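Remarks on the structure that follows.
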Amino acid sequence: MDLKVLVTSADHLQYAENVCLLIAESAKARGTGIAARKPEYIRAKMEAGNAVVAFDGDVLVGFCYVEVWSHNRYVVNSGLVVHPDYRKSGLAREIKRKVFNLARDKFPEAKVFGITTSLAVMKINTELGYKPVTFSELTQDDAFWTGCKSCPNYDILERNERRMCLCTAMLAPSKVEEEQMTLNLTHLIVENK
């Protein structure tokens, strides 16, 4: 294996259809959770450098992207997908780490959130510093929730007035908040010596 996890650029636009197929196949196999995306949408993320791709040699084997909400107050890492042959290899963890850091570097004042039905993603998110939260702590941007319409569980989300679904909501502090918390903790330790 020759695995590479890269921040996208215009060089990766040719893989947008493959990403969409990978997302659709994964959603079908799981039966829940991953909203469909169009190639144009994926291309826009790639061109802006707001996505991460994983390759084994020249073969696309994973993907995830960053989306910004509520006037840069929130960012979400969405569409995490790994080819079935590469699952349980640690690749999803590498993709999530790369896209998490990308989001925090590009939008340091934004809280990072995600919604997922995947236990594996919840474990990775926890390692990165996410905490489970209620949906009310996430962006209330209608456009974000519209993205859930292609999910088979959308009726559950709507029936519960976007307060709950089968997904678990998870939130991590912004890079700025985390740096401030570290600074405060360091200050407390020094004071108590």
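Quick notes
- Taking region 139-161 as the range and being in a loop (DSSP other than H, G, I, E, B) and hydroxyl-bearing (Ser, Thr, Tyr) as the test, only 139 passes.
- Among the residues here, residue 132 qualifies as at pLDDT 90 or above and either surrounded by fewer than 22 Cβ atoms within 10 Å (Cβ to Cβ) or of a type outside the set (A, V, I, L, M) (or both).
- When region 146-159 is limited to residues that are modelled with pLDDT under 90 and over 29 Å from residue 94 (Cβ atoms), the one that is surrounded by the most Cβ atoms within 10 Å (Cβ to Cβ) turns out to be 154.
- Filter pass, residue 52 being buried (at least 22 other Cβ atoms within 10 Å of the Cβ), without any contact (Cβ under 8 Å) to a residue 60 or more places away in the chain, in a strand (DSSP E or B) and not hydroxyl-bearing (Ser, Thr, Tyr): yes
- There is at least one residue in region 91-111 that is closer than 24 Å to residue 14 by Cα, in contact with a His (Cβ under 9 Å, 6 or more places away or on another chain) and not hydroxyl-bearing (Ser, Thr, Tyr).
- Residue check, residue 62 surrounded by 15 or more Cβ atoms within 10 Å (Cβ to Cβ), small (Gly, Ala, Ser) and touching a Leu at 6+ places or on another chain (Cβ under 6 Å): yes
- Output for region 94-128, where each listed residue is among the small types (Gly, Ala, Ser) and modelled with pLDDT of 95 or more: 103, 110
- Some residue of region 3-17 being of a type in the set (A, V, I, L, M, F, W, C), at pLDDT 95 or above, under 16 Å from the mean Cα position of the chain (by Cα) and buried (at least 18 other Cβ atoms within 10 Å of the Cβ): yes
The values are calculated or read from the model by the stated rules, or taken from the named source; none is laboratory data. Since this is a predicted model, take the numbers as computed values, not measurements. A quick note on method: Cβ atoms are made from the backbone with ideal geometry, for glycine too, and the neighbour counts reach across all protein chains shown.
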